[in-house]
Every structure is written in structure tokens, then in C-alpha cells.
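Peer 1: Questions regarding the structure given below will be posed in turn.
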Amino acid sequence: LAKTTQPISMDSYEGQEVNITCSHNNIATNDYITWYQQFPSQGPRFIIQGYKTKVTNEVASLFIPADRKSSTLSLPRVSLSDTAVYYCLVGDPGGYNNNDMRFGAGTRLTVKP
Amino acid sequence: GAVVSQHPSRVICKSGTSVKIECRSLDFQATTMFWYRQFPKQSLMLMATSNEGSKATYEQGVEKDKFLINHASLTLSTLTVTSAHPEDSSFYICSATGSGTDNLYGYTFGSGTRLTVV
């Protein structure tokens, strides 16, 4: 069974804020939530990681409610270059558990001019 | 930050031959590496998990005799596709983590290898 559920695809326009939500109802106490971005023919690239509440870095914000059963990746003012597939992974960073490294389907974001 | 180098970036081989893909951790010791395969428009599919000095653990449905994984050192893991056939054509990606990395930044991925079997 997939540990995470995301929308298959989303469309947006340049300059808009994009929010991608990931459901992870069975998240464990030691699990962190990590988001990756993947462009065609490239390996996934780390975007952001969090455990609870809100995390912000130079490229995105991650919102995690108190029950941690979902998370939302927020991309401010997207540009055409943000067109990519976005994956959320849930797992224990220190556990090296292969169960944590199985990808879901991801969300294909298309940014239009 | 942690860097994983994967080579070659693309390779074309004849059906029946073997191809080796290398995954190196450049600035940390990779105690655990993961190998993935990705078909066009699909997600990454985990093939196997390897720990340094141990035999790899393969996912269900992945032939261990066809996809040979060696993780003999803390900085190098290799995936050898033996007797490759056109259906093995895919994008192969490695991921690594281990001591010296900041695990709070997740696992580091290689840039991938595009294998085409003709």
C-alpha cells in the first residue's frame, strides 16, 4: 500500500502560488515529511523537509497540521521552470528503511505562461 | 552538501550484453544505497536496497540474478544489468545516505542513467 497520496496533476500560471497536498494517514512518530522535485531525465532533488507545524526555506514552505496526517507544499510565485513532478516521502531519516524510500505517483505540476 | 555522482549518464548497448552503472558518494560515506528504475511518465520504482558490505535486498519482482548490485565500499555501489534486453531500457537512479550526511535533508539522488538496449 502506498504511504502517501497526492493529486496526479495540477496546472498553474506564472506568478501564482501553488499548494500541493499530500495525505499520509499512517505516519509514524519518528517519520519526517520530505518533498522532492524531479525534472525529466534527472534524479529527484530535495526541496524541503519538516516534522510539524511550518518550515520555510528559500524555495518553498511546508505546512504540517497538528495531526500530521497530511502536509502541504507551497511554492510562491511559480515560474515556467517550476514545471516538474513533485513527490512527498514519509519516513524516518535515520532509519535507512526501504519502506520509507518507495515513491508514490507524485504530482505533475504544469506552469503555463 | 551531500553529493552523489552517477555514471554513465546515458548508455546504449546491444541486446545480450551487460552494462554496469556506478553510483559514488563524493563527500560522505554511503552506508545505504537505493536503486530505482523509472519508465517514461511513471514514478520511481524501488528495485533494491544495499548496505555496505552486505548483500542487497531486492524488491518483489526484481530479478537479483539479472540486476547485480555490489556495495563493497562506503563510497561506491554498482548496478550491473546482465544480458540486457530491450525491455530493460529505462532510466536508472541511485540514492544514498549514511554517516557524514545531514539526514534532515533527506536522501541524495544521483542524476540518473538512461539505458537503451538495441
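Peer 1: Filter the stretch B:96-106 down to the residues that are modelled with pLDDT of 60 or more and more than 7 Å from chain A (Cβ to nearest Cβ), then identify the one that is surrounded by the most Cβ atoms within 10 Å (Cβ to Cβ).
Peer 2: From the stretch B:96-106, those modelled with pLDDT of 60 or more are B:96-99, B:106; that's our starting set.
In the following step, the residues that additionally are more than 7 Å from chain A (Cβ to nearest Cβ) were identified as B:96, B:98-99.
Working: B:Ala96: 29, B:Gly98: 21, B:Ser99: 10.
Of everything passing the filter in the stretch B:96-106, B:Ala96 is surrounded by the most Cβ atoms within 10 Å (Cβ to Cβ).
Peer 1: Considering only residues that are hydroxyl-bearing (Ser, Thr, Tyr), within 30 Å of B:Trp35 (Cβ to Cβ) and touching a strand residue (DSSP E or B) at 6+ places or on another chain (Cβ under 8 Å), which ones fall in the stretch A:26-80?
Peer 2: Result: A:Tyr32, A:Thr34, A:Tyr36, A:Ser41, A:Tyr51, A:Ser70, A:Ser71.
Peer 1: Here is a follow-up. What's the number of the condition A:Thr53 fails, among (1) on the phi > 0 side of the Ramachandran plot; (2) under 13 Å from the mean Cα position of the chain (by Cα); (3) not small (Gly, Ala, Ser)?
Peer 2: Just one mismatch for A:Thr53, condition (2).
Peer 1: Anything in the stretch A:1-30 that is crowded, with 20+ Cβ neighbours inside 10 Å and more than 12 Å from the chain's Cα centre (by Cα)? List them, or say none.
Peer 2: The answer is A:Lys3, A:Ile27.
Peer 1: Assess whether B:Ala72 counts as being more than 8 Å from chain A (Cβ to nearest Cβ), in contact with a Ser or Thr (Cβ under 7 Å, 6 or more places away or on another chain) and on the phi < 0 side of the Ramachandran plot. Talk me through it step by step, then tell me what you get.
Peer 2: On the way: more than 8 Å from chain A (Cβ to nearest Cβ): yes; in contact with a Ser or Thr (Cβ under 7 Å, 6 or more places away or on another chain): no; on the phi < 0 side of the Ramachandran plot: yes.
Against the criterion (more than 8 Å from chain A (Cβ to nearest Cβ), in contact with a Ser or Thr (Cβ under 7 Å, 6 or more places away or on another chain) and on the phi < 0 side of the Ramachandran plot), B:Ala72 does not qualify.
Peer 1: Can you pull out every residue in the stretch B:57-81 that is among the polar types (S, T, N, Q) and touching a strand residue (DSSP E or B) at 6+ places or on another chain (Cβ under 6 Å)?
Peer 2: Correct list: B:Thr57, B:Asn70, B:Thr75, B:Ser77, B:Thr78, B:Thr80.
Peer 1: Kindly indicate the residue of the stretch B:1-33 that is β-branched (Val, Ile, Thr) and in a loop (DSSP other than H, G, I, E, B) and also surrounded by the most Cβ atoms within 10 Å (Cβ to Cβ) among those meeting that condition.
Peer 2: Checking each candidate, the answer is B:Thr31.
The values are calculated or read from the model by the stated rules, or taken from the named source; none is laboratory data. Not measured: the values here are computed from a predicted model. Every residue, glycine as well, gets a Cβ built from its backbone with ideal geometry; the counts of neighbours run over all protein chains shown.
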